[in-house]
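In what follows, a structure is listed as structure tokens, so that the remarks can point back to it.
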């Protein structure tokens, strides 16, 4: 069963627009971890953030912000005032307690046009 | 400091040949993971090492795939009798500890093409 769903396949925006990437996860565990990774055209996966299931505080890091809502099993990611360098594939991932692997969503391709 | 490194960056091989892919994790990272990224299947987990032992091999697609890790450091993923469906980017990651409490850092990957 798909544990992480990223319903948006591709998003295209003009520079300076905000873009929100959706991530919905499925787990029966009460302890789990959620992640976002960025994969730019160069191909290397870059870690962006990790949240554990007991911390629902939203987080902001520069132009990036994350909204974690357990009630809707969602962990959405917003890029504010997008830039061309934000063009990449973004992956949401889940790691369940007692498991060590990451289960990735299918990814969302973000294209920021100048 | 140095990140995760993988070699070769690209490998083209003929169907039926064996290939070896290498991963050098970040120094001090005890956990090491192999994933595969392909167009049809997305990012798939293959195997996980804690030290030199592999507690979870659940993602290996067939017995043609094997992996080992020596000295708690370098890991080699071996694919025997390669098939065209093995064509993919093979990604290695490492983390300071095991489990989701530790983020995994990924290498640049090895792009394998089986002709």
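Any read-out appearing in this document is the output of simple, stated calculations on the displayed coordinates, not a laboratory observation. Just so it is clear, the model here is predicted, and its values are computed rather than measured. All Cβ positions, glycine included, derive from the backbone under ideal geometry; neighbour counts span all protein chains shown.
List of remarks:
- Potential extension, residue B:78-residue B:15 segment - 0.36 nm per residue separation minus Cα distance: 21.3 nm
- Overall form of chain B per C-alpha gyration tensor (a/c, 1.5; a/b vs b/c): prolate
- Of all DSSP beta bridges in chain B, antiparallel share, percent nearest 5: 90 percent
- Under 19 Å from the residue B:30 label point (7 Å along Cα→beta-carbon), backbone N, the stretch B:72-115: B:72-75, B:93-105
- Förster radius 22 Å - calculated FRET efficiency between residue B:58 and residue A:46, Cβ distance, rounded to 0.05: 0.25
- The stretch A:1-39 and the stretch A:45-91: distance between their alpha carbon centers, rounded to Å: 8 Å
- Using a cutoff of 8 angstrom between alpha carbon atoms and counting only pairs six or more residues apart, the relative contact order for chain B works out to 37 percent.
- Rounded, prolate or oblate (a/c below 1.5 giving rounded, otherwise prolate when a/b exceeds b/c) for the stretch A:58-109 by Cα gyration tensor: oblate
- In a fully extended conformation the segment linking residue A:54 and residue A:81 would gain 6.8 nm over its present Cα-Cα distance, using 0.36 nm per residue.
- Percentage relative contact order, the stretch A:38-114, counting C-alpha pairs under 8 Å, at least six apart: 25 percent
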